[in-house]
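These notes concern the structure reproduced below.
Derivation of every value follows stated rules applied to the coordinates shown; laboratory data play no part. Predicted model, so just to flag it, every value in this text is computed and none were measured. Cβ: placed from backbone, ideal geometry, glycine included. Neighbour counts: every protein chain shown.
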Amino acid sequence: MSEYDFFIEGDPIRDEKAPEGPINERWDKRRFSAKLVNPANRRKLSVIIVGTGLAGASAAATLGEAGYNVTSFCYQDSPRRAHSIAAQGGINAAKNYRNDGDSIYRLFYDTVKGGDFRSRESNVYRLAQTSVEIIDQCVAQGVPFAREYGGLLDNRSFGGVQVSRTFYARGQTGQQLLIGAYQALERQVAAGTVQMNTRHEMLEVIVVDGKARGVIVRDMVTGEIETHFADAVVLATGGYGNVFFLSTNAMGSNVTATWRAHRKGALFANPCYTQIHPTCIPVSGDYQSKLTLMSESLRNDGRIWVPKKHGDTRDPRQIPEDERDYYLERIYPAFGNLVPRDIASRAAKNVCDEGRGVGTSGLGVYLDFADAIGRMGQEAVEAKYGNLFDMYQRITGENPYEVPMRIYPAVHYTMGGLWVDYDLQSSIPGLFVTGEANFSDHGANRLGASALMQGLADGYFVLPNTINDYLADGPFEALDESHPEAVAAKEQVTSRIDKLLSIQGSRTVDSFHKELGHIMWEYCGMERNEEGLTKAIERIRELRAEFWRDVKVLGTNEELNQALEKANRVADFLELGELMCIDALHRRESCGGHFRSESQTEDGEALRHDDEFAYVAAWEFGGEDSKPVLHKEALEYEYVEMKQRSYK
Amino acid sequence: MNITLRVWRQKGPDDEGRLATYKLTDVSPDMSFLEMLDVLNEKLTLENEEPVAFDHDCREGICGACGVVIDGEAHGPERTTTCQLHMRSFKDGDTITVEPWRAQAFPVVKDLVVNRSAFDRIIQAGGYISAPTGTAPDAHANPVPKPDADRAFDAATCIGCGACVAACPNASSMLFTAAKVTHLGMLPQGQPERASRVVKMINQQDEEDFGGCTNIGECAAVCPVGIPLDTISQLNRDLLGSLSKGVG
Amino acid sequence: MAITGAILVLYLIAHMYGNLKIFSGQEAFDGYAHSLRELGYPMLPEGGFLWIFRLVLLASVLIHIYAAVTLWARARRARPAAQRYKVNKRVARSYSSYTMRYGGVLVALFVVFHILHLTTNHIAPGGRSDSPYERLVNGFQPEFWYVTLFYVLSVIAVGLHLRHGIWSALATLGANMSRRQGTLNAVALGIALIVTVGFLLPPLAVTFGLVS
């Protein structure tokens, strides 16, 4: 069997909106060429925004303020709970407040390099440009960033870079940024420009005459299936890391919105690019429901090591210095503990595979603050990382001020997502995708503190300057619920729910989800190869068939039914998982978070094949039980020279 | 560990509720409280009994979705969120009573799930700084003394879980409102709207049928993120100042 | 609530000061009682200040009670009886704050009795008298131990009411800051203790025969 048994190759695609010319002028050019909407006409134009994380809340607040008629949905009971809130470390911005050689160009360069040359130069440059405005905006909203005694903003450095450009709010930067966006959103709700619908889950997109014109949502309290129309639809629904069951995502994070859009024609790009975060708390038992991240900022002061001896079960404090292997510092002397996430994760996996892992499961490495406490004093360490240390202690019952933390990589972020052009518009006109939900600006690997930057860049500054180009042609024909496309979309949703409730099999939804997660982690996790991926595809297909035969969902649709919600999401994960494996199988190279064991350098680093794979893999849904169709978007590098990443 | 659970079951907002008793064996002390409920739900489902509905999402103590009253204490015996409470805080053989947040302003949706949208409406009333996108001056234009920034941050860490209301004998939301008033009031950017903000938020809070604050202090004692009780005094100072200036 | 409470606390302290004059003998005590009537004379008619003072106190009491009833009603509406917890646990609340409402009712009833007893002398265990000193001494004779007991219990209730009330008033008026929280609570406890003891001494002294 070869990978071609799993997909068909279609025509190449291009980003038609991407401007040309000097890279630092492209965003200006696009803003100038985009059609504008007269403020008086904005009220007549409606936009649906699904998701209220950084990318969704910021977009809703900004578009509402601009005068558009916005309807917003989130599955949580309040927009403030979207999972952006859990981001700990910080947000990058090329402010160069440290005078340490930072610049927009350097942030651009670092991001392209960190993404292992699988992202678009134009997009990344725009992201770096916008980063500067984000900090200003957030400070104006009252985001309490960390400050120094002089009253000015503090910065720290993050994995993969050598400058201090990360702004932070203790270990709760995502929370503070989200609360800022949430407050801006609620202000628009009060002003009547945004209509907020909480506990509503989007289950289908309505496409009329090739344009995205609305969504079908389920009111999660009453079970009512509602139809909403608008002139444009924005998906800001986050990533799909929960396909692995165990991840650092929230329990409710899901792929349904983007996957349903994919099934309606939106291309899904680079699904196999998943980021495994190196610093998470190791798994403790099979009841485990999620993994908890410890901010990567810990790597600034913590030192990562394992015992030199295999199976050394001594108390870590008893292991003398010369019997410890500070393997990141040894292998990557230039970056040490601050190498990018993919490299740190794989290095941890390697030492554990060698049998030098720590903890009862052997799947863990030490993150040691003894040196930092000696150097800075416990108080300073506490001020910087106190809440993370407390969290670690609550979860593990161990005191990290005394015993080194144990960490292990876990799925954290998905760089893949719906394909979008420079305007953030998907391949379905009128369907825009922002934040983690799009395939984004991170290429094959995301640098730390860049997700918050991208979410807010998209929502505050990019989308509000590009969506007007599309909306300028509106308002489009008014629709009502009897439109055949709306009726069909609603029927798809109700029949699927009816089906899920009627199976009454013998296995719970979670048991399927866990099994899918095991398959994905085993074969499509930190290290992938042809044999494993082929096996995974087969097993996912079997599991999917079993799911639709044997899942057990109790209760009815007409009530709060959390098992039904999960079943809907897992059904989509079971389809996405297969596409991820196909994408991973077809990409016979290693790049960023995608590591194919067949493609590595002599010393075990990821080996890219730029001649064959310097493209975005955008997948088209091939139809039920048909092969997906691959469209390649070639990546061209005019400014950054493609070379093998080296952090040594 | 063997655990006996008494869990509030209520089909819908208008239905009668009751405490149902379930027994669980093989509970690991390393499980979180919610993972223990997951295990219960798996068991119930296989026994054809509807699983217990409870709110939860991030399971790392930051989203504020989870929250139940455990043996009479909001979020249970440790000062943390329910998702960060671990079974090692209980003893083998314990009977644990689990109830939803109780307040008129937080009606029960189902079982342990309540509707906390009243909090969103309090924020809508004034819990923001009006700063339309794109209008911001440079981030360094307004230095903020570190103690002010730190205090703003401490207040801003509120996760909106509602434990303060659940624990308050008056079912008052004062700590929630005070946290926001303090967060924004400590920052230079929050000054222009400071006087009107507190009045509008308090009015909204009263409209939502929350009780009045009598400074008992249960709220701050159960707050999983440690919002200090003195934020309430800060709110009162702001309120007295606003009223004396004739705002509102 | 806080402002009227503060007026009442200040009054109680003054009242206690007066009470303690009992230890200086009948003349001093009655003289003090009389002097209150003459305060402000001749700017005010005799007893004028006292009546103004009483009106302020009465208004404070009524407003205080009105505010308390309002708060209580709001609390009932905010968590109706049907929504009470099956299991309750006090985490931070003191016995003092726990008894504010019912203790407040007890205090109000006591105040009525107290005025009928020692001010208007409609209730006169041990015999009526025009001398405040004698009213007091008569009322707390050992054979009227139940009067003393009721007085003692009520004063303790007042003390508990003050313990939380003073702290709460200070917090409501915006005085609380994290650095001060302990101090404010200590002040509340201190005043409550002083007032309680100060009010307990005279009647107990009578009952145990130290003052006759």
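A few remarks follow.
- For residue B:192, net neighbour charge (Lys/Arg +1, Asp/Glu -1) across residues whose Cβ lies under 15 Å away: +3
- Using the Cβ of residue B:99 as centre and a radius below 15 Å, the other residues enclosed give a net charge of +4, where K and R count +1 and D and E count -1.
- Options A:366, A:410, A:389, ranked by Cα towards positive dipole end of the range A:277-412, top entry (Cβ charges): A:410
- Förster radius 30 Å - calculated FRET efficiency between residue A:624 and residue A:283 (Cβ-Cβ, nearest 0.05): 0.25
- Taking other Cβ atoms within 10 Å as a rough exposure proxy, C:199, A:32, A:573 sort from fewest to most as A:32, C:199, A:573.
- Positive-end residue of B:129, B:170, B:213, charge dipole of the range B:116-244 with Cβ unit charges: B:129
- Within the range A:583-616, the GluC sites (Glu not before Pro) that combine a DSSP coil assignment with at most 10 other C-beta atoms in a 10 angstrom radius are A:602.
- Residue among C:149, C:61, A:443 farthest towards the positive dipole end of the protein assembly as shown, charges placed on Cβ: C:149
- Shown here for the range C:1-108: trypsin sites (Lys or Arg not before Pro) in loop regions (DSSP other than H, G, I, E, B) with at most 12 other Cβ atoms within 10 Å, namely C:84.
- Cβ-defined net charge surrounding residue A:13, 11 Å radius [Lys, Arg +1; Asp, Glu -1]: -4
- R0 of 25 Å, Cβ-Cβ distance residue A:152-residue C:178: FRET efficiency to nearest 0.05: 0.50
- Fewest-first sequence of C:94, A:157 by Cβ atoms within 10 Å of each Cβ: C:94, A:157
- Based on DSSP H segments of at least four residues, each scored -39500 (n - 2.57), chain A has a per-residue ellipticity at 222 nm of -11000 deg cm²/dmol.
- Seen against the Cα atoms of chain B and their longest principal axis, helix B:174-185 is set at about 40 degrees.
- Taking the DSSP bridge list for the range B:3-109 and keeping only pairs wholly inside it, about 75 percent are antiparallel.
- Of the residues C:166, C:156, C:63, the one that moves most in a GNM of chain C with alpha-carbon contacts below 10 Å is C:63.
- Label-point separation, residue A:361 to residue C:130 (7 Å along Cα→Cβ), nm: 9.3 nm
- Across the cross-link table entries A:44/A:566; A:384/C:89; B:11/B:43; A:514/C:86; A:535/A:643, which are compared at the Cα atoms, the separations over 26 Å belong to A:44/A:566; A:384/C:89; A:514/C:86; A:535/A:643.
- Stretchable slack from residue C:123 to residue C:146, in nm (0.36 nm times residue separation minus alpha-carbon distance): 6.9 nm
- Between residue A:376 and residue C:197, the modelled label-to-label distance comes to 5.0 nm, taking each label 7 Å out from Cα in the direction of the beta carbon.
- Of all DSSP beta bridges in chain B, antiparallel share, percent nearest 5: 80 percent
- For the range A:185-244, GluC sites (Glu not before Pro) are listed when DSSP marks them as loop and at most 15 other Cβ atoms sit within 10 Å of their Cβ; the list is A:224.
- Cα centroid separation, the range C:82-122 to the range B:162-219: 27 Å.
- Charge dipole (Cα centre; +1 on Lys/Arg Cβ, -1 on Asp/Glu Cβ; no other charges) of the range B:116-244 amounts to roughly 140 debye.
- Here chain A is assigned +1 on the Cβ of each Lys and Arg and -1 on the Cβ of each Asp and Glu. Its dipole about the Cα centre then comes out at about 1180 debye.
- Computed about the Cα centre, the dipole magnitude for the range B:1-117 is approximately 280 debye when only Lys and Arg (+1) and Asp and Glu (-1) carry charge, each at its Cβ.
- Modelled this way, with points 7 Å down the Cα-to-C-beta line, the labels at residue C:86 and residue A:600 are 5.6 nm from one another.
- Net length gained if the chain between residue B:47 and residue B:141 were fully extended (0.36 nm per residue, minus Cα distance): 27.6 nm
- Secondary structure note: in the protein assembly as shown, about 70% of the DSSP beta bridges are antiparallel.
- In range of the label at residue A:541: residues from the range A:612-635 whose backbone nitrogen is under 11 Å from the point 7 Å along Cα→Cβ: A:625-627
- Sites residue C:38 and residue B:240, calculated FRET efficiency, Cβ-Cβ separation with R0 41 Å, nearest 0.05: 0.65
- Cβ-based exposure ranking for C:184, C:193, A:298, in which fewest neighbours within 10 Å come first: C:193, C:184, A:298
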